[in-house]
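Below you'll find the structure, written out as structure tokens, and then a few comments.
The values are calculated or read from the model by the stated rules, or taken from the named source; none is laboratory data. Quick caveat, the model's predicted, so the values are computed rather than measured. Note: ideal-geometry Cβ built from the backbone for every residue, glycine included; neighbour counts use all protein chains shown.
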């Protein structure tokens, strides 16, 4: 028999600590609420595992987390909620996500890597700082806008 755990989370207003939302399981919740619960549980488990406190900065702790297939199906709002939690824990993230979801992680990352596999035999990786990515994106958009106005 597998060990099972029951999780609960409470969202509270900072001003007066009153409860805004309570999650005791995922039943009866919207998809976004279920995602927030999952991110809250993940952040809490990482905080427990690494002995972290929100906002603390310990230079000698290893805080590297890999999130694969990130944010592909979930809502942008829930993904941003999760990323903000991870940022508060001062985690270093490696996020693997589809290109169409890069706008979600863009405010939270310092660099991006694009993997391209044209013929299915050899993958190539291109690394860019977030500033380089933004500059290339702006240049591409300007070029595309110029082509459509002709």
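Structural remarks
- Residues of segment 70-121 satisfying the condition of being in a loop (DSSP other than H, G, I, E, B), touching a strand residue (DSSP E or B) at 6+ places or on another chain (Cβ under 7 Å) and more than 22 Å from residue 132 (Cα to Cα): 70, 91
- The one condition from (1) under 28 Å from residue 63 (Cα atoms); (2) at pLDDT below 90; (3) not in a helix (DSSP H, G or I) that residue 127 does not meet is (2).
- Among the residues of segment 58-69, those identified as under 11 Å from the mean Cα position of the chain (by Cα), within 18 Å of residue 45 (Cα to Cα) and either part of a helix (DSSP H, G or I) or modelled with pLDDT under 85 (or both) are 65, 67, 68.
- Candidates 88, 100 - the one that is modelled with pLDDT under 85 and over 19 Å from residue 32 (Cβ atoms): 88
- Scanning segment 7-50 for residues that are surrounded by fewer than 10 Cβ atoms within 10 Å (Cβ to Cβ) and modelled with pLDDT of 70 or more returns 13, 14, 15, 16, 17, 18, 19, 20, 48, 49.
- Within segment 97-109, residues that are closer than 15 Å to residue 82 by Cα reach partners that are at pLDDT 85 or above and outside any helix (DSSP H, G or I) with beta carbons closer than 6 Å, at six or more positions or on different chains, in the pairs 105/95.
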